[in-house]
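Only one structure is covered here, and it is reproduced in the block below.
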Amino acid sequence: MTAQPVPVVSLDAAPPNRRRGGDLRTLLSPKTVGATSGFLGVAIIEPGEYVAEHYHPYSEEFLYVVRGDLVVDLDGTPRELHADQGLMVPIGMRHRVRNTGAVQARIVFHLSPLAPRPELGHVDTETVESPATGTLAGDSR
């Protein structure tokens, strides 16, 4: 048996990604820990915020709500999701996650399998407008 190092990644060590709405942090991935089968992260979504609609042409996405009340729109059909509940988004299904509650929501997400090419990983079907600037999130204008 070979002793292999097992990395531990703190939420604070994962850089926030706000490009699609909310605060998405990828903790365990090929880049951070050398994962080969998928990746895991945490979404922090404030009341009224949402993660823009998108789909994954190659991966299933698993969502587990740690805190808060959400609506997950699946191909346009709303589905309520609350703390201590999980949901699987099938490959190719459009989905948007909205915090409809009064408190910050925290979701653990996992995608698997890894897409073999970036264009098979994540396809945006809408953009998020930044409330502070009126520009699209991630837009450098």
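Evaluate the following for Ala102: is it in contact with a Pro (Cβ under 9 Å, 6 or more places away or on another chain) and either open to solvent by 50 Å² or more (accessible area, probe 1.4 Å) or closer than 18 Å to Asp124 by Cβ (or both)? Give the derivation first.
Working: in contact with a Pro (Cβ under 9 Å, 6 or more places away or on another chain): yes; either open to solvent by 50 Å² or more (accessible area, probe 1.4 Å) or closer than 18 Å to Asp124 by Cβ (or both): yes.
Spelling it out, Ala102 is indeed in contact with a Pro (Cβ under 9 Å, 6 or more places away or on another chain) and either open to solvent by 50 Å² or more (accessible area, probe 1.4 Å) or closer than 18 Å to Asp124 by Cβ (or both).
Residue under question is Pro30, and the condition is that it be of a type outside the set (A, V, I, L, M) and over 19 Å from Ala102 (Cα atoms); does it hold?
yes
What number goes with the only condition from (1) over 16 Å from Arg106 (Cα atoms); (2) under 14 Å from the mean Cα position of the chain (by Cα) that Glu49 does not pass?
Result: Glu49 fails condition (1) only.
Any chance you could count how many residues in segment 57-98 are of a type outside the set (Val, Ile, Thr), in contact (Cβ under 8 Å) with a residue 60 or more places away in the chain and open to solvent by less than 80 Å² (accessible area, probe 1.4 Å)?
Result for segment 57-98: 2.
Restricting to segment 16-26, count the residues that are part of a loop (DSSP other than H, G, I, E, B) and either more than 16 Å from the chain's Cα centre (by Cα) or within 25 Å of Gly76 (Cβ to Cβ) (or both).
Number satisfying all stated conditions: 5.
Is there a residue being of a type in the set (Gly, Ala, Ser), closer than 23 Å to His122 by Cα, part of a strand (DSSP E or B) and open to solvent by less than 60 Å² (accessible area, probe 1.4 Å) anywhere in segment 6-15?
no
Name the residue that is nearest to Gly76 (Cα to Cα), counting only residues in segment 36-54 that are of a type outside the set (Asp, Glu) and open to solvent by 30 Å² or more (accessible area, probe 1.4 Å).
It comes out as Tyr50.
The values are calculated or read from the model by the stated rules, or taken from the named source; none is laboratory data. None of the values given here were measured: they were computed from a predicted structure. Neighbour counts run over all protein chains shown; Cβ positions are idealised from the backbone, glycine included. With ligands, DNA and RNA removed, areas are computed over all heavy atoms of the protein, side chains included. Shrake-Rupley method; radii C 1.70, N 1.55, O 1.52, S 1.80 Å.
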